[in-house]
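The values are calculated or read from the model by the stated rules, or taken from the named source; none is laboratory data. All values derive from a computational prediction rather than experimental measurement. We place every Cβ from the backbone using ideal geometry, glycine too, and count neighbours over all the protein chains shown. These area figures cover heavy atoms from the full protein model, side chains too; ligands, DNA and RNA do not enter into them. Shrake-Rupley method; radii C 1.70, N 1.55, O 1.52, S 1.80 Å.
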Amino acid sequence: MVHYIRFLQPPRVTRSKKDGIHALLSTLLTITTDLGDAFYPGDSCVHCAIFNGTTMRSLGMARWMPGMRVMKIEAKVPLDFLRLRARFLFTCNELFEIDALQIERLPNIISAWTEEFSHLDDLDSDTTVRRFRVPDGRALEICEENGDSMARHIWDGGVVLAAWLMDWTESGQGRDIPFTVLELGTGCGTVGLAFGIRSDCRLLLTDVDDDALTYARQNARRSQDTFNSVWECVALDWSEPGRLKLDRPLDFIIASECIYNPDSIPDLVRTMSSLVRQSNGLKEGSPPPQIIVSTKVRHSSEAAFFDLMKQSNYDAKQHISVPIPDQYRGSIGQDLEVVHIYIFEKHIESVSSGEK
Ligand SMILES: C[S@@+](CC[C@H](N)C(=O)[O-])C[C@H]1O[C@@H](n2cnc3c(N)ncnc32)[C@H](O)[C@@H]1O
């Protein structure tokens, strides 16, 4: 299970009257799963650093012990460092490396960054930034909301699919370049934006939650300097799929961690079918869109999604199981949890008189 460093009390910096060269950083952290339903059960050091421009200064570390639920961090920050734009990093990586977005190198515990700030008063208290290094060295930055929103934070299934996409060797044969990619239930945009870094494409990031789209939009703006993909964030509710009118065929439809709610599965499948139908109608002879779905199975009721996809004539052409890094489970000999990635294509039904 991937774990995430989260701010319970966001980092704050106060100036000391006695000490003219340092300020005091304080924060309350926890290390939990994506759902926040379990704390990190192992032992790990959390290191804290400040970055300004290209310079990094380690501010110290604290030890997370089995059974802990919360951890207080206090550290002295050299005032010199606060003269330029700066940001704090809390990480279990003792080398302060940016978390790798690659299946083989995904971290056990995902680091937490603050936004950059110019003045102490600007230190944002509502968000956490996740920064990932993609294989060619570029960084993907995903800002998420502190708190319990389902839509406005990142998920194991999204992180793993984003990492998997980096090594995916789809050549796009028979498809027009750049690809057109539509993401359903994008949340903060993790997977869609990872696709946009992997290959230049036209991205349509969709969600029902306006606030999630605000995060996706901000995250896409951050990525603008990193990639050449063009993007748009669009409201789409799976209960009204016909409201989205495509103006070009789709190459890929992606959905990560979207099948956890059995009540919305029929609408989700109808939305996928509606988009494939619209897309196929826009350019005869072009290959139908592939649908890429990732899930870390949370409930047996998710099986309904696969039944409905089958009934709607979608075949899973590929099923990849990606074990989630977990030093703790590994150390006690427990099986690793898995994110499942499926690639569906519309099955062309044959009838006795020939092809439909
Ligand atoms: C668990 S989050 C996953 C977010 C993102 N895909 C990820 O992996 O990080 C599920 C997403 O589906 C969206 N969603 C749920 N029901 C929806 C609906 N009826 N129509 C459109 N989006 C919906 C939520 O707003 C949320 O962003």
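Identify the residues of region 53-81 with backbone N under 12 Å of a label point that sits 7 angstrom from the Cα of Leu28 along the Cα-to-Cβ direction, or state none.
Within reach of a label on Leu28, which here means backbone N under 12 Å from a point 7 Å along Cα→Cβ, region 53-81 contributes 69-73.
Which entries in Lys17/Lys76; Lys245/Lys310; Lys296/Lys317 show an alpha-carbon gap greater than 22 Å?
Lys245/Lys310, as the Cα separations exceed 22 Å there.
Where only protein heavy atoms count, and the probe is 1.4 Å, what is the accessible area per residue for region 1-130 in Å²? Working shown, then result.
On the way: 6400 Å² over 130 residues.
On a per-residue basis, region 1-130 sits at 49 Å².
If you take every DSSP beta bridge fully contained in the chain, what fraction is antiparallel? Give it as a percent rounded to 5.
On the way: 60 of 84 bridges.
Taking every DSSP beta bridge within the chain, about 70 percent pair in antiparallel fashion.
Can you figure out the FRET efficiency of Phe96 with Asp315, using R₀ = 51 Å and their beta-carbon distance, to the nearest 0.05? Could the numbers behind the result be given before it?
On the way: r = 45 Å, r/R0 = 0.89.
So the FRET efficiency works out to roughly 0.65.
Over region 165-269, with every protein chain in place, what whole percent of the accessible area is carbon and sulfur at 1.4 Å, could you tell me?
41
Along the charge dipole of the chain, Cβ charges K/R +1 and D/E -1, which of Gly67, Cys258, Val46 sits furthest on the positive end?
Towards the positive end, the residue furthest out is Val46.
Counting each DSSP H run of 4 or more residues in the chain as -39500 (n - 2.57), what helix-only mean residue ellipticity at 222 nm follows after dividing by all residues, to the nearest 500 deg cm²/dmol?
Helices in the chain give a 222 nm mean residue ellipticity of -5500 deg cm²/dmol.
Sorted by mean Cβ packing within 10 Å, highest first, what order do the peptides 252-263, 42-53, 157-168 take?
Output ranking for 252-263, 42-53, 157-168: 157-168, 252-263, 42-53.
Hey, what does the equivalent ellipsoid look like for the chain, semi-axes from the Cα gyration tensor as sqrt of 5 times each eigenvalue, largest first, whole Å? Don't skip to the answer; put the middle values down first.
Values: eigenvalues 325, 95, 57 Å².
With the √(5λ) rule applied to the chain, the semi-axes are 40, 22, 17 Å.
Efficiency by 1/(1 + (r/R0)^6): what FRET value for Val70 and Asp19, r their Cβ-Cβ distance, R0 = 35 Å, to the nearest 0.05?
0.85
Which value, in debye to the nearest 20, describes the size of the charge dipole of region 1-133 about its Cα centre when Lys and Arg Cβ atoms bear +1, Asp and Glu Cβ atoms bear -1, and nothing else is charged?
420
With r defined as the distance between the Cβ atoms of Asp211 and Gln327 and R0 fixed at 30 Å, what FRET efficiency is calculated, to the nearest 0.05?
That pair, Asp211 with Gln327, gives E of 0.30.
How big is the dipole moment of the chain about its Cα centre under a simple scheme where the beta carbon of each Lys and Arg is +1, that of each Asp and Glu is -1, and everything else is neutral? Debye, nearest 20, please.
Numbers: 38 positive and 50 negative charges, 187 e Å.
My answer is approximately 900 debye.
Send over a whole-number figure in Å² for the accessible area per residue of region 264-356, probe 1.4 Å.
With all protein chains present, region 264-356 gives 54 Å² per residue.
Below 8 Å between Cα atoms, with a sequence gap of 6+, how large is the relative contact order for the chain in percent?
For the chain, the relative contact order is 12 percent.
Carbon and sulfur together cover what percent of the accessible area of region 1-133 at a 1.4 Å probe radius?
In region 1-133, the share of accessible area belonging to carbon and sulfur is 49 percent.
As I understand it, the dipole of region 226-282 uses +1 on the Cβ of Lys and Arg and -1 on the Cβ of Asp and Glu, about the Cα centre. Which of Ser229, Ser239, Ser274 lies farthest toward its positive end?
Final value for the positive-end residue is Ser274.
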